[in-house]
Amino acid sequence: MTYLDRMRLYDKTLGRDHKCHYCKRLLLSYKADMSLEDMALCATKDHIIPKALGGTNADDNYVVACAACNRLKAHIPYNVFKVFADMVLIPFPDLPLHILRNSLNLYIMHLLERSCTNTKIMRTACTATLLRVKEGIDEYEGNKVKADRKRKRA
């Protein structure tokens, strides 16, 4: 995201509460000479449904989040991360990143452990994963064929 994009996004949030959607910390306006610690509090657009999980770039698929929460969330589904944010990030927003990552991983592992008792959930998750794998294989194979054609022409 460019400097101007950050500024426009930040300006849009000023009409609202201009706090991170997840940790509720006050967002900062990006400046070229700011520290890394301050840059973590710059406004970013976070996908509610991650693009990796089929989300789009539509305006209704975004929330305004600080850069730190956006990076921490990564490809985790919104409803999973939001509960973690409410329980951990809001009460303890300044915890070091490695502690937050470990806590988030532990939380996800507990969710997975709980879901393993429900065969239907496990099969649904497996089916969705296999569809993503197939899409990835198809894309890879298509790119491989294109590369082979280019090599043969050269």
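The values are calculated or read from the model by the stated rules, or taken from the named source; none is laboratory data. Keep in mind it's a predicted model, so treat the numbers as computed, not measured. Cβ coordinates were reconstructed from backbone atoms using ideal geometry, including for glycine residues, and neighbour counts include every protein chain displayed.
Here are the numbers for the structure shown:
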quantity	calculated
Any hit, the range 40-47, residues being surrounded by 14 or more Cβ atoms within 10 Å (Cβ to Cβ), of a type in the set (Val, Ile, Thr) and free of Cβ contacts under 8 Å to residues at least 40 places away in the same chain	no
Residue 129 being under 21 Å from residue 52 (Cα atoms), at pLDDT 80 or above and hydroxyl-bearing (Ser, Thr, Tyr)	no
Of all residues in the range 85-106 being more than 14 Å from residue 23 (Cβ to Cβ) and under 16 Å from the mean Cα position of the chain (by Cα), the one that is surrounded by the fewest Cβ atoms within 10 Å (Cβ to Cβ)	105
Subset of the range 78-97 [modelled with pLDDT under 90 and assigned to a helix (DSSP H, G or I)]	97
Test: residue in the range 58-76 that is under 25 Å from residue 30 (Cβ atoms), among the polar types (S, T, N, Q) and modelled with pLDDT of 85 or more	yes
Tally, over the range 89-99, of residues that are in contact (Cβ under 8 Å) with a residue 40 or more places away in the chain and of a type outside the set (A, V, I, L, M, F, W, C)	1
Tabulated pairs, the range 67-88, first more than 16 Å from residue 40 (Cα to Cα), second buried (at least 17 other Cβ atoms within 10 Å of the Cβ) and at pLDDT below 90, C-beta under 6 angstrom, 6+ apart or interchain	75/50
Test for residue 65: is it surrounded by 12 or more Cβ atoms within 10 Å (Cβ to Cβ), hydrophobic (A, V, I, L, M, F, W, C), outside any helix (DSSP H, G or I) and assigned by TED's automatic domain parsing to the domain that holds residue 27	yes
Among the residues listed as 112, 130, the single one being within 30 Å of residue 23 (Cβ to Cβ), outside the structural domain of residue 23 (by TED's automatic domain parsing), among the aliphatic types (A, V, I, L, M) and part of a helix (DSSP H, G or I)	112
